[in-house]
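The values are calculated or read from the model by the stated rules, or taken from the named source; none is laboratory data. What you are looking at is a predicted structure, and each value in this text was computed from that prediction instead of being measured. Note: ideal-geometry Cβ built from the backbone for every residue, glycine included; neighbour counts use all protein chains shown.
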């Protein structure tokens, strides 16, 4: 791991430790709203997806505010309701592009996913820029840093796998004491894994990716200023 990457991880650990309650509460609010929306008959899943697209942008903005030491409130997750259509279009466009590239082979799909991984953070910063502009800016920002982002997402996946394994082990051990029905053996590990994913693991890695994005933005600003200075000379 490079020195700069190690510093980002270290900074994220400190930020997460100091703001854990706000981050977890904000994440809980987002996913609670999404799961409640799923309970609506007929159009529940569509409404949940639509809400998720908007509220996740609001959560990313809170993460960026924490990283930049700016003022924020938990209710800021609802701030992007004015841009709900744009947020929905951004998510759908990125998913479609990733799916289309994945039809060729898995690797192009992974590269495409990494290219657009920072688009929601760009949208959180500049909601009036537009869907295609966010995707293009993310692609330029990620160029040369895909491997670093891939490592972050792989570690996140390993954490999810670890929680799922531990939850399954818990159920197996519990069955030695009291024999439980089959549905219990399936539902409990899934419930524990999903709870850990949405309430603990994802918030931390959202902050890590947000910190990485913020660092890349700073680097791009420094490069632009260096270029302008060199052209003036």
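The C-beta contact set for segment 194-208 (first residue on the phi > 0 side of the Ramachandran plot and in contact (Cβ under 8 Å) with a residue 12 or more places away in the chain, second residue surrounded by 18 or more Cβ atoms within 10 Å (Cβ to Cβ) and in a helix (DSSP H, G or I), distance under 8 angstrom, 6+ apart or interchain) is empty.
Which of the residues belonging to segment 192-233 are at pLDDT 85 or above and out of contact with any helix residue (DSSP H, G or I) (no Cβ under 8 Å at 6 or more places or on another chain)? The answer is 194, 195, 218.
Only residues that are more than 23 Å from the chain's Cα centre (by Cα) and surrounded by 14 or more Cβ atoms within 10 Å (Cβ to Cβ): list them for segment 168-192, please. Of everything in segment 168-192, those that are more than 23 Å from the chain's Cα centre (by Cα) and surrounded by 14 or more Cβ atoms within 10 Å (Cβ to Cβ) turn out to be 168, 171, 174, 184, 185, 188. Within segment 146-155, the presence of a residue that is within 24 Å of residue 201 (Cβ to Cβ), free of Cβ contacts under 8 Å to residues at least 40 places away in the same chain and crowded, with 18+ Cβ neighbours inside 10 Å is excluded.
Would you mention how many residues in segment 39-55 are touching a helix residue (DSSP H, G or I) at 6+ places or on another chain (Cβ under 7 Å) and surrounded by 13 or more Cβ atoms within 10 Å (Cβ to Cβ)?
Adding up the residues that qualify gives 9.
Among the residues of segment 16-38, at least one is free of Cβ contacts under 8 Å to residues at least 40 places away in the same chain, within 22 Å of residue 68 (Cα to Cα) and surrounded by 12 or more Cβ atoms within 10 Å (Cβ to Cβ).
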